[in-house]
Amino acid sequence: MDKKRILFFGIFDPEYSRNRVLVRGFEENGYNVVLCRIDPKKYPGIKKYVQLFKEYKKIKGVSFEQVIVAFPGQTVVWFAYLLFGRRVIFDVFISLYNSEIEDRKKNQIFSVRAAYYWSIDWLSMHLACKLLIDTYAHRDFLSKKFGISKEKFVVIYVGSDNSIVYPIEKEVGEKFIVHFHGTGTPLQGVPYILEAAELLKKNKNIEFRMYGISGSDTENVHFFDRFPYRDMSNKLSKSDIVLGIFGNTQKTQLVIPNKVFEGWAARKPVITAKTMAVLEIAQEDIEIVLSEAANGKTLAKNIVKLIHRKDLMNTVAQAGYKMYKDKLTPDALVRNFIQCLDQK
């Protein structure tokens, strides 16, 4: 019996965590996954549509169960709509307007650029037949912001690729390692992590390792370049605690970042801000330790709490890992997605 076929279309990076999880999830659920994509760095501007059309002609006439415009896809949903019609599914993942204007504040809300981001968000979400999003909180926000029925959305949590991220026992060392990997965007809340580090600097056994963030090393904070995704398990294995996000922006409340799922997948205790999104799937001091957003003092207290409560540190790590294995692997996430589509 021939496998069902699914097409991933667009300008996406197949190595990005969100896309890896979805592609691998479909493969593990018995699908033949076909990628029709181009690199927008090689083909900027209108050239990307010309090249995408060339790629499309290679698979024209092939039937697919579903066509998914993968993240990031706002600028190519309209093109997919012309090629495949109304049956296009769009993995929104983020709103360009919310990310660039409301969260990062790169332009004023009444600027031409802001109008462009809002318009391309609105158009892409209205053209697709179904929208994938990462949390229910994010779904509710986008539904209200762009006037889209909640029924049009299917929530698929970010998850993590368990062929790349998995537990490795930490070698015994003198230092207690607090790990963060990410960027310096407001969502991340890096200043509050550094505030916590400053409050804990008298404890010579605690070391903060900040990956992907530039800065000057201090006695207890060390900055490192970004590392390849395939090195994730190795980097996490050297940590005692994995940090999530701590920003004080609207978007902080809406998303659960990759790093939280990666911490769970690596069987590490995770501390992140207490948000609507994370409370959808995790319980405080059961699968995760929650801290007040934009507050380095409470983050420092939570780090100390785990240092002194080895039992809690272990149970949180184990419970988070169990939840991940049960619900958040590529296989489990996509299986639930397929069931949602079958019901509708």
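Structure notes:
- Partner aspartates and glutamates for LYS42 [C-alpha distance under 20 Å; skip if fewer than 8 residues away on the same chain]: ASP13, GLU15, GLU55
- Area projected by the alpha carbon convex hull of the chain, averaged over all directions, nm²: 18.1 nm²
- Mean projected area (nm²) of the alpha-carbon convex hull when the range 176-327 is viewed from all directions: 7.9 nm²
- Cross-link pairs LYS41/LYS297; LYS175/LYS322; LYS170/LYS327 - those with Cα-Cα distance over 31 Å: LYS41/LYS297
- Leading residue at positive end of dipole, the chain (Cβ point charges), from MET276, SER214, PHE12: PHE12
- Within the listed set VAL69, VAL77, VAL221, the residue fluctuating most in the Gaussian network model of the chain (springs between alpha-carbon atoms under 10 angstrom) is VAL221.
- Largest-first principal axis extents of the Cα set of the range 147-202 (Å): 52, 31, 14
- For the range 8-24, putting each phi into the Karplus relation 6.51 cos²θ - 1.76 cosθ + 1.60 with θ = phi - 60° gives couplings of 9, 10, x, 10, 7, 9, x, 8, 5, 3, 4, 6, 4, 4, 5, 4, 5 Hz, in residue order, rounded to whole numbers and with x for Gly and Pro.
- Hits among lysines - C-alpha to C-alpha of LYS144 under 17 Å, sequence gap 8 or more where chains match: LYS130, LYS152, LYS251
- The range 126-217: trypsin sites (Lys or Arg not before Pro) in DSSP loop, at most 12 other beta carbons within 10 Å: LYS202, LYS204
- For the range 1-114, radius of gyration divided by Kirkwood radius, i.e. Rg to Rh on alpha-carbons: 1.01
- Looking at the range 35-76, the trypsin sites (Lys or Arg not before Pro) that sit in a DSSP loop and have at most 14 other Cβ atoms within 10 Å of their own Cβ are LYS41, LYS42, LYS60.
- Counting only aspartates and glutamates at least 8 places from LYS3 when in the same chain, those with an alpha carbon closer than 20 Å to its own are GLU27, GLU28, GLU65, ASP331, ASP342.
None of the figures in this text is laboratory data; all of them are computed from the coordinates on show. Computed from a prediction, not measured in an experiment: that's the story for all the values here. Backbone-built Cβ (ideal geometry, glycine too); neighbour counts: all protein chains shown.
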